[in-house]
Amino acid sequence: MMRVLATGDLHYNIRRSRGPTEALAERISRETAEVLLLLGDIGGRRLEVLAEALRLFGGFGGKKMLVAGNHDLWTAPRGDSLRRYEVEIAEVCREEGWHYLDACPAYVDEVAFVGNIGWYDHSYRLASLGVPVRFYQAKIAPGAAARLSEHRHLLDGMRDVPSRAMEITTRWMDGRHVRLPYGDEAFSEHLAEKLRRHLSEAADRARKIIVGMHHLPFAEMVVRTGNPAWDFATNYLGSEIFGEVLLAQPKVTHLLCAHNHRAREMHRGHLTCRSVGSTYTDKHVVAIELA
């Protein structure tokens, strides 16, 4: 029997999250388990905060594995989020004794652990909000775009924005802090192909595969509230392109994820899927037992 713990959304760079994260780390360090999965949104823009957060779990006796989150790709104005994702986070993990699953799978006995940040391709957007896709791509709702000069071009001369959409003032802050060399759709395709390769490698070596992701690979895991501000933001919770990759590999038995700040469980085909449900102030851990 193998026991696996998973948590995420530590947001250790945010003041109100620091105390709850420290308490969670102390609790986990007293647990007996073979593997700990940390599922992204750990330290924000500053790599030293990421390293500090990882050191909190130094008392955990099992193998420690990490998946990046979108906040972990946030950089300074002239930063490079792709380098942050592919190089800098990997270096911090190596220095702190963590396995970076976004780089390659890990193996414990006959079980493989595969990880991927996941991403969004705007396929989770709600048509009922009436917001054209260009606003999702710019990561700003029409009401917010109207107030900011750098985004007003999204409205100028356009007649396709209903009045109800103008009441939505949400901004998705990846638009300010994530700097990638290509758009969200292309980045999602790139990441899905990497996940496909890692699963194929793992299937050749392992009896079963556990997958950790930050974003949600199934739309059923997304919580819609009827609040237009929140429902606009749910566009950025993930994409089913990753779910399609997971379902194509029968050795995957469990998917563990974070990002939505809500605990959810669902079953799809051969997969059991759970999201951790940590918020900025309430930190949670999920445990699974593997035969």
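Can you pull out the residues in the range 1-48 that are surrounded by 17 or more Cβ atoms within 10 Å (Cβ to Cβ) and among the β-branched types (Val, Ile, Thr)? Val4, Thr7, Thr21, Ile28, Val35, Ile42 - these are the residues of the range 1-48 that are surrounded by 17 or more Cβ atoms within 10 Å (Cβ to Cβ) and among the β-branched types (Val, Ile, Thr).
In the condition set (1) under 30 Å from Glu289 (Cα atoms); (2) under 25 Å from the mean Cα position of the chain (by Cα); (3) surrounded by fewer than 17 Cβ atoms within 10 Å (Cβ to Cβ), Thr169 is compliant with all but (1).
Which one is surrounded by the fewest Cβ atoms within 10 Å (Cβ to Cβ), of the residues in the range 109-134 that are out of contact with any strand residue (DSSP E or B) (no Cβ under 8 Å at 6 or more places or on another chain) and β-branched (Val, Ile, Thr)? Can you show your working first?
From the range 109-134, those out of contact with any strand residue (DSSP E or B) (no Cβ under 8 Å at 6 or more places or on another chain) are 121-123, 125-134; that's our starting set.
Retained after the next criterion (residues that are β-branched (Val, Ile, Thr)): 131, 133.
On the way: Val131: 26, Val133: 10.
By that ranking, first place goes to Val133.
If the condition is being of a type outside the set (S, T, N, Q) and farther than 19 Å from Tyr236 by Cβ, then the range 182-204 contributes Glu193, Lys194, Arg196, Arg197, His198, Leu199, Glu201, Ala202, Ala203, Asp204. Considered as a group, the residues in the range 49-63 that are buried (at least 21 other Cβ atoms within 10 Å of the Cβ) and in contact with a Gly (Cβ under 6 Å, 6 or more places away or on another chain) include one that is nearest to Arg3 (Cα to Cα), and that residue is Ala53.
The condition of being more than 19 Å from Ala263 (Cα to Cα) and touching a strand residue (DSSP E or B) at 6+ places or on another chain (Cβ under 6 Å) does not hold for Glu26.
Ala112: more than 18 Å from the chain's Cα centre (by Cα), under 21 Å from Gly40 (Cβ atoms) and not charged (D, E, K, R), yes or no? Working first, answer last.
Numbers: more than 18 Å from the chain's Cα centre (by Cα): yes; under 21 Å from Gly40 (Cβ atoms): yes; not charged (D, E, K, R): yes.
For Ala112, the condition - more than 18 Å from the chain's Cα centre (by Cα), under 21 Å from Gly40 (Cβ atoms) and not charged (D, E, K, R) - is met.
For the range 134-156, taking the residues that are part of a helix (DSSP H, G or I) and small (Gly, Ala, Ser), the one that is nearest to Arg171 (Cα to Cα) is identified as Ala144.
Inspect the range 177-190 for any residue being of a type in the set (Ser, Thr, Tyr) and within 19 Å of the chain's Cα centre (by Cα) and give the result as yes or no. The answer is yes, given that some residue of the range 177-190 is of a type in the set (Ser, Thr, Tyr) and within 19 Å of the chain's Cα centre (by Cα). Would you mind stating whether His153 is more than 15 Å from the chain's Cα centre (by Cα), surrounded by fewer than 17 Cβ atoms within 10 Å (Cβ to Cβ), free of Cβ contacts under 8 Å to residues at least 40 places away in the same chain and closer than 21 Å to Pro217 by Cα? Here the answer is no, as His153 does not meet what is asked.
For every residue, the table says whether it meets (1) surrounded by fewer than 21 Cβ atoms within 10 Å (Cβ to Cβ); (2) farther than 30 Å from Lys64 by Cβ; (3) in contact with a Lys or Arg (Cβ under 8 Å, 6 or more places away or on another chain); (4) not charged (D, E, K, R).
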residue: Tyr136; (1), (2), (3), (4): no, yes, yes, yes
residue: Met158; (1), (2), (3), (4): yes, yes, no, yes
residue: Tyr182; (1), (2), (3), (4): yes, yes, no, yes
residue: Ile209; (1), (2), (3), (4): no, no, yes, yes
residue: Gly226; (1), (2), (3), (4): yes, yes, no, yes
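Restricting attention to the range 79-104 and to residues that are part of a loop (DSSP other than H, G, I, E, B) and in contact (Cβ under 8 Å) with a residue 24 or more places away in the chain, the residue that is surrounded by the fewest Cβ atoms within 10 Å (Cβ to Cβ) turns out to be Gly97.
Within the range 269-291, restricting attention to residues that are in contact with a strand residue (DSSP E or B) (Cβ under 9 Å, 6 or more places away or on another chain) and among the charged types (D, E, K, R), the residue that is nearest to Thr225 (Cα to Cα) is Arg274. Annotation note: of Phe242, Phe232, the sole residue that is more than 17 Å from the chain's Cα centre (by Cα) and buried (at least 22 other Cβ atoms within 10 Å of the Cβ) is Phe232.
Scanning the range 49-68 for residues that are among the small types (Gly, Ala, Ser), closer than 21 Å to Cys257 by Cα and part of a loop (DSSP other than H, G, I, E, B) gives Gly62, Ala68.
Where a number appears in this text, it was derived from the coordinates with a stated rule and is not lab data. Just so it is clear, the model here is predicted, and its values are computed rather than measured. Reconstructed Cβ throughout: ideal geometry from the backbone, glycine too, with neighbour counts over all protein chains shown.
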